[in-house]
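Here the structure comes first, spelled out in structure tokens, and everything after it is commentary.
The values are calculated or read from the model by the stated rules, or taken from the named source; none is laboratory data. Keep in mind that this is a model prediction, so the values were computed, not measured. Neighbour counts are summed over all protein chains in view; Cβ atoms, including those assigned to glycine, are modelled from backbone coordinates with ideal geometry.
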């Protein structure tokens, strides 16, 4: 690996690592004061669980040669304990070391987003067990489908969505965002709603700060997926900036027209919607397309948040609307407005592209969402019937900071 490429990739890794404290304080500010620290613990603990599993077998399950050549799951024993990353003498260890570390962060941020559906009411022990099982049975298989690329020279067989269906997903619109958003909805459904849903975000400046850190980290999330210090990295960073900006504007316009006011919470929600939307499409749309995509994602997510009361499912921190629906919007823009002049060279149907892209992307979205919802609900249901996953009413009323962490976020 060239020194310039390695320098940028390590910088991108640093940026993505900041997304964990960013998401943690974003979620903490979104909750009431009694469970703010618990939200931080749930997000940060996700990184520990993901790292351990990735070293044990996750690298092989995601990037390894597909078992039986079916494209369903990689060989968990192919790269045990990341032993090949210990040397760079003819083994490609340096690249393995970087990409393993990078994909640990991808796995961890995905399960951290899922905590939206459990905020304020799930046992920490149950969360840790759920996280480990979910990563193994849901994230690792879907990541293999999407991220593992076949290599004819080495004989490696990758995931079926990427190599057979030919899904275009630049940095995880399906495997990360739709997967996490739908899983959060399923987990919230099994857990049931909070006893007190009247709590409002208790610290909006904290929410804005957390979202801003997430935006900062997103430049590494998308830019690092370019694989080096190259034109593609520059291109996707520009599109990431534009989509975040217009996502903000699109959300505020819809919020103002629909609800009569534009809020600070709406502003940062729109930013995140735009960033989620551009993730699968960053290399496939023009800068104008990225701008339109962000605005559309912001507006659609604002509308999707109105589904919350209709569904009667307490996805507390809105992962389904922001990440699930936002990811679908981004994939839709690849289908409709992909530009042949963009680095990916994918042409959308509105610009004269092959109509087959419609069923290919739609199939990937449908399979990802259905698999994630069903498997997440099943995992949560089994844990509910065995170890129990919800805190007692008294613990929930007291707040999870005091009852589970024996701490408080604020001394007043």
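If I filter the stretch 183-195 for residues that are at pLDDT 95 or above, within 30 Å of residue 8 (Cβ to Cβ) and surrounded by 22 or more Cβ atoms within 10 Å (Cβ to Cβ), do I get at least one hit? Scanning the stretch 183-195 turns up no residue that is at pLDDT 95 or above, within 30 Å of residue 8 (Cβ to Cβ) and surrounded by 22 or more Cβ atoms within 10 Å (Cβ to Cβ). Out of all the residues in the stretch 388-400, is one or more surrounded by 15 or more Cβ atoms within 10 Å (Cβ to Cβ), closer than 30 Å to residue 294 by Cα, in contact with a helix residue (DSSP H, G or I) (Cβ under 6 Å, 6 or more places away or on another chain) and in contact (Cβ under 8 Å) with a residue 24 or more places away in the chain? Looking for residues that are surrounded by 15 or more Cβ atoms within 10 Å (Cβ to Cβ), closer than 30 Å to residue 294 by Cα, in contact with a helix residue (DSSP H, G or I) (Cβ under 6 Å, 6 or more places away or on another chain) and in contact (Cβ under 8 Å) with a residue 24 or more places away in the chain, one finds none in the stretch 388-400, hence no.
Return yes when residue 382 is closer than 30 Å to residue 71 by Cα and surrounded by fewer than 17 Cβ atoms within 10 Å (Cβ to Cβ) and no when it is not. Steps first, please.
Details: closer than 30 Å to residue 71 by Cα: yes; surrounded by fewer than 17 Cβ atoms within 10 Å (Cβ to Cβ): yes.
For residue 382, the condition - closer than 30 Å to residue 71 by Cα and surrounded by fewer than 17 Cβ atoms within 10 Å (Cβ to Cβ) - is met.
The stretch 283-361 holds helices (runs of 4 or more DSSP H) entirely within its bounds, and those carrying 2 or more residues that are touching a residue at least 40 places away in the same chain (Cβ under 8 Å) and surrounded by fewer than 21 Cβ atoms within 10 Å (Cβ to Cβ) map to 287-304.
Condition test on residue 148, is it in contact (Cβ under 8 Å) with a residue 24 or more places away in the chain, touching a helix residue (DSSP H, G or I) at 6+ places or on another chain (Cβ under 8 Å), under 14 Å from residue 187 (Cα atoms) and crowded, with 20+ Cβ neighbours inside 10 Å? Steps first, please.
On the way: in contact (Cβ under 8 Å) with a residue 24 or more places away in the chain: yes; touching a helix residue (DSSP H, G or I) at 6+ places or on another chain (Cβ under 8 Å): yes; under 14 Å from residue 187 (Cα atoms): no; crowded, with 20+ Cβ neighbours inside 10 Å: yes.
So residue 148 fails the test.
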